[in-house]
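Readers should treat all values here as calculations from the given coordinates under stated rules, not as data from a laboratory. Please read all numbers here as calculations on a predicted model, not as lab measurements. For neighbour counting, all protein chains shown are included, and Cβ atoms are generated from backbone atoms with ideal geometry for every residue, glycine included.
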Amino acid sequence: MKIRKFRVGWVVFSLSAAAVLVYHQVNAAEPSFDCTAVADGSIEAMICQDQALAALDNKLSEVYHQAADKATNEYPPTLKAEQRGWVKGRNECWKADDKKSCVASEYQWRIAELQARYGLIRPTASVTYLCTDQPGSEVIATYYPTDPPTLIAERGDSVSLMYLQESASGTKYVGRNESLWEHQGEAKVTWGYGAPELDCKVKP
């Protein structure tokens, strides 16, 4: 009887160990790229070893392919070149004090950019701001519920993607050389490097 109990206990233990092994295999970090080909100590290696970063990589891969489907007639074809540039920028996170936070932010910003630029997510609002710098001057801002939130602003033939920033009052979005700070129906808009700030109001 003692031998029987021992065998039963051993079988239960073996099954439990197998279940744990399967659990870890299922939940192992598996990004969209081949982890066997990455260099030790690289940003790619860190992504392979971190489930949260691997999940972000898979999310970006999904969004990128959705964007690529919409960019088939894009001229000039910039999506692939921009993605290669983004990868190089992401890998520069090895210089950051908090490498994981840097990489996660790079992924979140790129996912949000592609979702907004290629209309992969439905906008929440489109607002026209009338500005006082010259007659007929206006900025059209389309807002997207990305993470982080974004807007695409159009002024004449120029387009700018902006991200929501922390602000003491109102909502402030900042792009490469442009910004839009809206509060109670009025907005301060900067359009271009070193350009003066424009006073704008929501078009009724």
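Among the GluC sites (Glu not before Pro) within the stretch 93-189, those in coil by DSSP and having at most 14 neighbouring Cβ atoms inside 10 Å are Glu166.
Within the stretch 169-204, find all residues whose amide N lies under 14 Å from a label point positioned 7 Å from the Cα of Ile140 along Cα-to-beta-carbon. The answer is 203, whose backbone nitrogens lie closer than 14 Å to the label point.
On the beta carbon distance between Ser169 and Ser105, with R0 = 35 Å, the FRET formula returns roughly 0.90.
More than 21 Å apart: what percent of Cα pairs in the stretch 111-204 qualify? Here the tail beyond 21 Å accounts for 25 percent of pairs.
Site pair Gln51 and Glu74 shows an inter-label distance of 3.3 nm when each label is modelled 7 Å from Cα along Cα→Cβ. Taking Rg/Rh (Cα atoms, Kirkwood Rh) as the quantity of interest, determine which of (i) 1.19; (ii) 1.04; (iii) 0.99 was computed from the displayed structure. The value matching this structure is (i).
Mind jotting down the distance between the C-alpha centroids of the stretch 43-66 and the stretch 97-154, whole Å? Here the two parts' Cα centres lie 22 Å apart. Taking 0.890 mPa s as the viscosity and 25 °C as the temperature, the Stokes-Einstein diffusion coefficient of the stretch 35-117 based on its alpha-carbon Kirkwood radius rounds to 182 µm²/s. Taking a straight Cα-Cα cut-off under 19 Å and skipping sequence neighbours fewer than 8 places away in the same chain, the lysines within cross-link reach of Lys88 are Lys59, Lys80, Lys99, Lys100.
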